[in-house]
1. Below 12 angstrom from the Cβ of V149, what's the summed charge of the other residues (Lys, Arg +1; Asp, Glu -1)?
2. In Å and whole numbers, how far do the C-alpha atoms of the chain stretch along each principal axis, longest first?
3. Taking a ≥ b ≥ c as the square roots of the Cα gyration tensor eigenvalues, with a/c under 1.5 meaning rounded and otherwise prolate when a/b beats b/c, else oblate, which class fits region 70-163?
4. Along region 19-25, what does the Karplus equation 6.51 cos²θ - 1.76 cosθ + 1.60 (θ = phi - 60°) give for ³J(HN,Hα), rounded to whole Hz, x for Gly and Pro?
5. Distances longer than 16 Å among the Cα atoms of region 37-82: what percent of all pairs is that?
6. I want to verify the translational diffusion coefficient of region 1-69 in µm²/s; compute it with Stokes-Einstein, Rh as the Kirkwood radius over Cα pairs, at 20 °C and 1.002 mPa s.
7. Under 1.5 on a/c is rounded, so check that first for region 94-135, then, if it is not, pick prolate when a/b is larger than b/c and oblate when it is not; a ≥ b ≥ c are the square roots of the alpha carbon gyration tensor eigenvalues.
8. Find how much the distance from Q98 to T61 grows on full extension, using 0.36 nm per residue of separation minus their present alpha carbon separation; answer in nm with one decimal.
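Where a number appears in this text, it was derived from the coordinates with a stated rule and is not lab data. Everything quoted here is computed from the prediction, not taken from an experiment. When we count neighbours, we look across all protein chains shown, and the Cβ atoms used for this are built from the backbone with ideal geometry, even at glycine.
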Amino acid sequence: MEDEAFTDISGKPISLDCQSHSSFCREFIISSPKVSMGKVMVYTCSVWLLAYAVFFFTQNTAVLSGAILVTLVGMMLHIHFVKVDHESLLVIGSLGIQVSSSYASGREITTFIEMSKIKDIVINEAIYMHQIIYYLCVLLKDPSEPDAVSSVVPLFQVRMSISQEPV
């Protein structure tokens, strides 16, 4: 897959790595580029310059303090809750699937779904803005009624959609 380029729903480049650990165990990893320090600096400088311009006309130091606090807290929240470095899907035949998300702050979320609870794995579609996107989901069995679906678990939630672009 070296000559294929993939993008997420926003058009940002991502990479897909498929690994076969054994005949019944495969792992799919979707990675995004690291946080761009250039973008962080541009956004931070823009907010601080705007705050300084407001301070220059109002002479209110709370504006500068607020701008510094908001940008620092905003960056920390973005890195801890929003910016995903990579997501992985580990499929272990007859045992289940493990879904993991690793955030830029180092936080990781891992979920394991037993094969006995999985009814099916499907490609679902949704309307997003003015386009139709496709995403992978797991249909879970309803414990009280085996033929019914109790819930739908979307996989690769942060990326939600992968489009392939020719290189």
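1. -1
2. 67, 44, 34
3. Prolate, since a/c reaches 1.5 and a/b exceeds b/c.
4. Ordered by residue, 3J(HN,Hα) equals 10, 9, 7, 7, 5, 10, 9 Hz.
5. Of the Cα pairs, 40 percent sit more than 16 Å apart.
6. D = 134 µm²/s.
7. Cα axes put region 94-135 in the oblate bin.
8. 8.3 nm
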